[in-house]
Amino acid sequence: MNIYDILKERGYIAQCTNEEGLRNALEKEQLTFYIGIDATADSLHAGHFLTLIVMKRLQEAGHRPIVLIGGGTTLIGDPSGRDEMRNIQSVDDINEKAEKIKQQASRFLDFSEGKALMVNNADWLPHLNYISFLRDYGPHFSINRMINMESYQSRLDKGLTLLEFNYMPMQAYDFLHLFRNYGCKAQMGGSDQWSNIIGGIDLIRKLEEKEAYGLTFNLITTSTGEKMGKTVKGALWLDPEKTPPYEFFQYWRNVEDVSVDTLLKRYTFLELDEIAKLTEEEGAALNKAKEVLAYELTKMVHGEEEANQALEAARSLFGSGDSADLPAVELSKEKLGSEWLTILAELDIVPSRSEGRRLMQQQGLLLNGEKLTDFSAVLKEEDFPDGEALVRRGKKVFTRIKLID
């Protein structure tokens, strides 16, 4: 089965510039394609995770991925999907983040000889002469067309800077550079990158008189329209220091019922008939499917050992009620006498004191199995039998607090 058809069947594809042409290319040749990742953070997140899965699928089908680290474009900042300008970062900060991104991507793709490539546009973009760039490539970009593109529209009302306006030509030049130097014929990315991808394809057509392809993926959202991968603490990171493996596991274990089928199809390598069996029932019966989803994704990101530990901890907690395997946060005994609301906020168990008060009013905070409803309740030694306390937020989010000297 053609890999394009597999991607389409599993619901990845949002848009394609030439579906028949790309499908034929994937059928008849080893296609070199790229996905760009700007170095705006020192870790990849759940959104990047999806693109890495697609790259892995394509590589296993015999094609060659290029991971383009945006060390150069990050100096400008992509305006796509944003209503304000990104913070300008230093070159040193960007290089440090780019190195960490490289390490994470290497866990998913084979970068051995002749396989995937990893390049950084900081190796060519900063060395371009601006006047020469404008003379050579500027005539190929229509201002009228650019300001009507979705990536710029959201910024026009609040003010689009000249700095950001250069982002699309820079990304288009990246595609041209990869086309010329690596035979790269396709760019892929999230559906919010469609306008930027079109810019590169047009530039290649005008200068090289050859066709390149663009493919975007459907963004996965919750029932409220929010991007999948948002947590109380912010993004769901692939770095275990930012999102611990158990917390990562629990996120996927607790997803909405309506999202389970989609997530299994797009984030895992399970066969479709197996997914159909896992999701054929509703309600509590879906818990098995959620457990499989959480385990498979945790294993891919953090390894089998961490996935097994997270699974055992979750089963222990939801089964016998024994929380011994749960990861713990530590709290100094010096905090005894402090208000629980303050401590819960400091430990990021609740996002703020006000949110903690709201949860208490709704009886959504439990301490050692008992509802915590007193706003002024303070930490006492007896709250920590055997030196530990178990806090539950809502129905499914548990945190073990270990009291230390």
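The residue that is nearest to M55 (Cα to Cα), among those in segment 263-285 that are in a loop (DSSP other than H, G, I, E, B) and among the hydrophobic types (A, V, I, L, M, F, W, C), is F269. Only residues that are in a helix (DSSP H, G or I), at pLDDT 70 or above and among the polar types (S, T, N, Q) were counted across segment 154-166, and they come to 0. Residues in segment 207-251 that are among the aliphatic types (A, V, I, L, M) and either free of Cβ contacts under 8 Å to residues at least 40 places away in the same chain or not in a helix (DSSP H, G or I) (or both): A212, L215, L219, I220, M228, V232, A235, L236, L238.
Could you say whether any residue in segment 196-214 is modelled with pLDDT under 90 and within 19 Å of N18 (Cβ to Cβ)? Yes - at least one qualifying residue is present in segment 196-214.
Only one entry in A276, A284, A235, A289 is closer than 27 Å to I69 by Cα and aliphatic (A, V, I, L, M), namely A235. A residue that is outside any helix (DSSP H, G or I), surrounded by 14 or more Cβ atoms within 10 Å (Cβ to Cβ) and over 23 Å from the mean Cα position of the chain (by Cα) occurs nowhere in segment 188-203. For segment 103-133, the set of residues classified as surrounded by 13 or more Cβ atoms within 10 Å (Cβ to Cβ) and over 27 Å from the mean Cα position of the chain (by Cα) consists of L128, F133, listed by residue number.
Residue-level check: of (1) modelled with pLDDT of 75 or more; (2) hydroxyl-bearing (S, T, Y); (3) touching an Asp or Glu at 6+ places or on another chain (Cβ under 9 Å), S151 misses just (1). Can we say L311 is at pLDDT 85 or above, over 25 Å from Y251 (Cβ atoms) and surrounded by 19 or more Cβ atoms within 10 Å (Cβ to Cβ)? Judged against the criteria, L311 is not a match.
Tell me, which residue of segment 255-271 that is modelled with pLDDT of 95 or more and of a type in the set (D, E) is surrounded by the fewest Cβ atoms within 10 Å (Cβ to Cβ)? Applying the filter and picking the extreme gives E271. When segment 11-31 is filtered for residues that are surrounded by fewer than 18 Cβ atoms within 10 Å (Cβ to Cβ) and either in a loop (DSSP other than H, G, I, E, B) or touching a Cys at 6+ places or on another chain (Cβ under 6 Å) (or both), the ones remaining, listed by number, are G11, N18, E29, Q30. Here segment 204-225 is the region considered, the condition is being surrounded by fewer than 14 Cβ atoms within 10 Å (Cβ to Cβ) and in the same structural domain as E20 (by TED's automatic domain parsing), and the residue that is nearest to G138 (Cα to Cα) is K206.
The values are calculated or read from the model by the stated rules, or taken from the named source; none is laboratory data. The model shown is predicted, which means the values in this text are computed figures rather than measured ones. Here Cβ is always computed from backbone atoms with ideal geometry, including for glycine, and neighbour counts include all displayed protein chains.
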